[in-house]
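Here is the structure we will look at.
The values are calculated or read from the model by the stated rules, or taken from the named source; none is laboratory data. Predicted model, so just to flag it, every value in this text is computed and none were measured. Glycine gets a Cβ as well: all are built from the backbone with ideal geometry, and neighbour counts include every protein chain shown. What goes into the accessible areas is simple: the full protein's heavy atoms, side chains included, and nothing from ligands, DNA or RNA. Shrake-Rupley method; radii C 1.70, N 1.55, O 1.52, S 1.80 Å.
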Amino acid sequence: MTAPASAIPRATYRVQLHAGFTFDDAARIVPYLAELGISHLYTSPILQAAPGSTHGYDVIDHARVSDELGGEEGFLRLSDTLRDSGMGLVVDIVPNHMAIAEGNRWWWDLLANGPASRWARHFDVDWDPPEARLRNVILLPVLPDHYGRVLEAGEIGLARRGATVVVETVGRAFPLDPRTTAPIVADAGARLASDEMLFLAEALESLPPSTAEDRILVERRQRDVEVVAARLSELIAEPGVAAAVDAAIGERTADVDALDALLEAQHYRLAFWRAGSRDLGYRRFFDIDELVGIRVEDEDVFADTHARVLAWVREGRVDGLRIDHPDGLRDPGGYVARLRASAPEAWIVAEKILGADEPLRTDWPLDGTTGYEFANRAVGLLVDPAARDALDAAWAGAADVGPAWDEIAGDARLTALSELLGSDLNRLADLVLAVCEANRRHRDYTRHELHHALRETAAALGIYRTYVRPGDPLNDADRAAIDAAVRVAAERRPDLDRELFAFLGRILRLEEPGTFATELAMRFQQLTPAAMAKGIEDTAFYRYHRLTALNEVGGDPGRFGADPSHVHAALAQTAERWPAGMLALSTHDTKRSADVRARLAVLAEDPATWRSAMATLGALERPHRSGDAPTDADAYLGLQAIVGAWPIDADRLAAYLAKATHEAKLRTSWTAPDAGYDAGVDGWARSILADPAFVAAVDATVAGVGDAARVASLVQVALQLTAPGVPDCYQGGELWELSLVDPDNRRPVDYDVRRRLLAAAIAMGGAEAWAAREDGLPKQWLIHRALALRSRRPEAFVGSYAPLALDGPRAGAGFAFLRGDAVATVVPRHAVRIGRDGWAGTGVTLPEGRWRDLDGAPWSGRVALDELLASFPVAILERQA
């Protein structure tokens with residue numbers, strides 16, 4: 001089941017909401033978006049996030065609209081504005097995790113009450129790890145140094161907030177187990193000779209323990225805590241009570257041993273921040289300690305986290321939902337089914353990252369993905385496979401860890417699993433050890449062997465995850481993925497028993513009985529997406545720089561270009577199975593904007609130009625290096641970033657390179673920074689952009705591919721606007737947008753300029769728009785005209801997809817297709833070659849009938865491409881009645 005046709009957007013426009021761009025700011029651009037042709041505004045998460053959040057994915061309260069965005073009233077104003085303009089709203093939802101910031105009342109209660117918290121089951125916490133010191137305790141790796149050192153330095157203390165006593169350290173606060181505050185209340189009562197205070201202290205001391213399993217005892221604890229807290233809040237307002245409590249707090253803060261004993265009695269353990277990489281007892285979002293996984297597979301958790309959003313859907317204020325990171329969930333398919341049942345009329349897409357040849361599961365009641373696979377196909381069409389050998393040679397001369405993608409990718413995933421996801425891997429190793437202990441044939445495997453077998457298998461999985469579920473038959477694709485991973489892992493580690501890998505394969509296929517085996521299989525599937533994202537997207541992509549236009553989420557940089565026949569087949573399949581999925585080019589998570597990728601692709605189209613540019617720029621940048629900072633490989637990445645995003649200033653470049661080199665984890669990293677290397681890279685970035693000769697060389701390089709790059713950008717947009725699916729425009733991307741990875745791609749957008757240009761574009765023809773290309777007006781013109789076509793002929797864009805053959809000597813340099821026999825798209829693939837040599841008689845034969853292009857010009861029969869694309873670089877044609 002998918003959304004009804006009436007709920008499917010014509011086109012979406014993504015905005016990043018934050019304190020600097022609120023609901024009211026978004027409402028102000030609604031008339032402009034409506035005029036552009038957009039049908040739905042698409043926002044980043046809007047529920048209450050951690051204070052100061054710039055993205056909204058760190059939700060702390062699912063029942064509240066973000067105060068920083070404008071709160072409930074701001075949301076209603078935006079919703080009303082959209083309704084009045086005939087537009088809809090799509091919102092991003094975050095089912096996988098929450099932030100553990102202080103404002104998260106569920107998490108605060110969990111820290112205070114441990115397993116007895118009414119919210120204990122909401123979080124994916126392991127309360128019973130093998131190490132006794134961490135049982136019923138949550139490790140909090142928040143300290144800048146080892147616990148004892150921080151404590152003895154006086155950097156951990158107690159404070160009072162109203163009637164509540166909290167722990168304060170490094171600018172953060174944590175609650176105390178109410179039972180452990182009994183001595184403080186008793187001391188204050190003794191100072192005041194207050195029988196009531198002493199009675200309350202006794203009540204706190206007699207609370208049932210947080211580890212009580214009896215539901216009646218747990219409920220009694222929760223009730224009594226609330227009663228005592230309410231009375232203490234009343235008493236604290238009386239003269240002298242606050243002073244007495246403060247005195248008792250002060251004594252314990254001053255006594256290191258007493259404070260240590262109090263902290264040891266809590267349901268959490270303050271620890272050095274590095275401990276999170278190995279000993280953390282809760283599932284995170286990737287390796288971010290501040291984001292804790294939630295158990296949305298539980299019906300109550302789903303209800304508590306989705307009630308507000310689903311109410312908006314029922315009220316008609318929200319029309320579509322974008323699911324963030326579904327692969328992190330225990331049962332993504334089950335989650336999607338529950339969401340669809342709760343919102344049967346909504347348009348629902350998921351940020352499911354597909355492998356290069358991986359199909360989306362057809363049994364998920366979705367409308368499709370968020371479109372990364374389309375972005376990779378689009379840029380793949382622009383890359384000329386004939387340039388591969390030359391770029392291989394150029395990269396081999398710069399690579400510092402070997403030039404082969406498969407080797408770099410494999411090593412990076414192993415690094416991520418060991419250094420970033422060690423806690424998650426360790427918890428799985430505990431499970432497989434328990435499975436082996438119950439099996440006489442496998443009980444002699446050591447923890448070390450099991451840990452390494454798991455790590456190798458997780459690193460070898462060729463896709464983000466599998467989707468095995470207890471009680472369901474094993475999917476053929478899942479079986480193949482598991483078998484391949486086990487085989488590759490066994491080949492990589494001949495020192496480990498091959499039977500161990502075979503046993504692990506049976507567990508992952510749910511062929512081994514037992515609770516521990518099932519739990520291991522389910523948790524393994526939550527680990528591998530993190531290993532892929534952190535190992536590939538956030539490590540290998542920053543080590544492998546043959547052509548960085550291909551280093552994109554869901555992409556395979558080892559492949560050089562896309563075969564047009566394969567792209568046609570993929571788009572035809574999309575039209576058949578997922579005609580309402582989202583089509584993305586740039587997003588808040590892409591490593592480079594679509595226009596940067598297009599420019600790099602056309603630069604690489606001519607290997608001689610690429611080699612000349614890299615040699616010239618390399619000779620000019622090398623004198624600016626400080627020792628070996630940056631390395632040849634990092635400099636090669638930097639040069640591509642400069643050319644791709646030009647013009648770029650020193651601050652933007654330095655910030656990008658700081659992120660890139662730290663993510664690469666070779667010479668420096670976030671957890672083990674090398675100050676000397678960091679300073680050298682920063683200085684290099686600033687020095688080369690202050691060198692007039694270097695700047696002039698970059699100007700010349702970019703100018704040499706300027707028009708070809710703009711054509712390539714328009715090609716991607718034309719494909720996005722007419723291929724099967726719903727086109728999404730990322731904020732500001734309706735003009736040329738040359739951005740790198742976040743936060744560079746989240747810079748403010750000048751909508752005054754865009755309004756002005758749109759007013760001009762509406763009155764222009766294609767030739768006039770192309771003549772005004774410096775400002776990006778051709779892209780805006782194309783979007784406006786194509787969306788008007790989608791509005792006139794909606795039936796064409798939910799209809800069939802068919803390749804449209806080109807003929808002539810340069811047919812391979814073009815790409816064309818039909819939608820529903822009513823719309824035709826014809827674009828060049830290799831803009832440099834065509835710009836230099838022309839089409840040489842290459843043409844396309846339109847289906848029978850009369851056709852007109854976006855300018856209204858008539859066409860029919862066989863059309864020469866040098867005529868069809870003479871006034872505007874791409875053609876979208878509409879069949880006349």
**Q.** Qualifying positions in region 434-448 - among the aliphatic types (A, V, I, L, M) and surrounded by fewer than 20 Cβ atoms within 10 Å (Cβ to Cβ)
**A.** 434, 438
Q: Tell me which of these residue 328 doesn't satisfy, since it passes every other one: (1) in contact (Cβ under 8 Å) with a residue 40 or more places away in the chain; (2) surrounded by 20 or more Cβ atoms within 10 Å (Cβ to Cβ); (3) farther than 30 Å from residue 126 by Cβ.
A: (3)
Q) residue 617 versus (1) modelled with pLDDT of 95 or more; (2) over 28 Å from residue 692 (Cα atoms); (3) not polar (S, T, N, Q): which is the lone unmet condition? A) (2)
Q. Consider residue 451 against the criteria (1) part of a helix (DSSP H, G or I); (2) open to solvent by less than 40 Å² (accessible area, probe 1.4 Å): it satisfies all of them except one. Which criterion is unmet?
A. (2)
Q: Could you tell me whether residue 78 is of a type in the set (A, V, I, L, M, F, W, C), open to solvent by less than 20 Å² (accessible area, probe 1.4 Å), farther than 19 Å from residue 295 by Cα and in a loop (DSSP other than H, G, I, E, B)?
A: no
Q: Give just the number: which of (1) over 18 Å from residue 411 (Cα atoms); (2) in a helix (DSSP H, G or I); (3) hydroxyl-bearing (Ser, Thr, Tyr) does residue 467 not satisfy?
A: (2)
Q | Any helices (runs of 4 or more DSSP H) falling wholly within region 234-335 and containing at least 3 residues that are farther than 29 Å from residue 508 by Cα | A | 241-254, 256-264, 299-315
Q. With respect to the numbered conditions (1) at positive phi; (2) without any contact (Cβ under 8 Å) to a residue 60 or more places away in the chain, which one is the sole condition not fulfilled by residue 81?
A. (1)
(Q) Checking residue 670 against (1) in a helix (DSSP H, G or I); (2) out of contact with any Asp or Glu (no Cβ under 7 Å at 6 or more places or on another chain); (3) of a type outside the set (Gly, Ala, Ser), only one condition comes out false. Which one? (A) (1)
Q: Give the number of residues within region 35-73 that are without any contact (Cβ under 8 Å) to a residue 60 or more places away in the chain, open to solvent by 40 Å² or more (accessible area, probe 1.4 Å) and closer than 21 Å to residue 319 by Cβ.
A: 2
Q: Name the residue, out of 32, 57, that is under 21 Å from residue 11 (Cβ atoms), at pLDDT 95 or above and out of contact with any Cys (no Cβ under 8 Å at 6 or more places or on another chain).
A: 32
Q. Looking at region 829-845, which of the residues that are in contact (Cβ under 8 Å) with a residue 40 or more places away in the chain and open to solvent by less than 10 Å² (accessible area, probe 1.4 Å) is nearest to residue 387 (Cα to Cα)?
A. 830
Q | The listed residue being within 30 Å of residue 427 (Cβ to Cβ) and among the hydroxyl-bearing types (Ser, Thr, Tyr), out of 53, 79 | A | 53
Q) Which one of 771, 767, 788, 761 is within 17 Å of residue 37 (Cα to Cα), among the hydrophobic types (A, V, I, L, M, F, W, C) and surrounded by fewer than 20 Cβ atoms within 10 Å (Cβ to Cβ)? A) 788
Q: Take residue 279 and decide whether it is open to solvent by less than 60 Å² (accessible area, probe 1.4 Å) and touching a Ser or Thr at 6+ places or on another chain (Cβ under 7 Å).
A: yes
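Per-residue answers, yes or no, for (1) in contact with a helix residue (DSSP H, G or I) (Cβ under 7 Å, 6 or more places away or on another chain); (2) closer than 16 Å to residue 432 by Cβ; (3) open to solvent by 40 Å² or more (accessible area, probe 1.4 Å):
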residue: 462; (1), (2), (3): yes, no, yes
residue: 465; (1), (2), (3): yes, no, no
residue: 470; (1), (2), (3): yes, no, yes
residue: 476; (1), (2), (3): no, no, yes
residue: 480; (1), (2), (3): no, no, yes
residue: 491; (1), (2), (3): no, no, yes
residue: 504; (1), (2), (3): yes, yes, no
residue: 511; (1), (2), (3): no, yes, yes
(Q) I'd like to check something: does region 124-133 contain any residue that is within 25 Å of residue 431 (Cβ to Cβ), among the basic types (Lys, Arg), open to solvent by 20 Å² or more (accessible area, probe 1.4 Å) and outside any strand (DSSP E or B)? (A) yes
**Q.** Residue list for region 646-673, filter: buried (at least 16 other Cβ atoms within 10 Å of the Cβ) and more than 22 Å from residue 739 (Cβ to Cβ)
**A.** 665, 666, 667, 668, 669
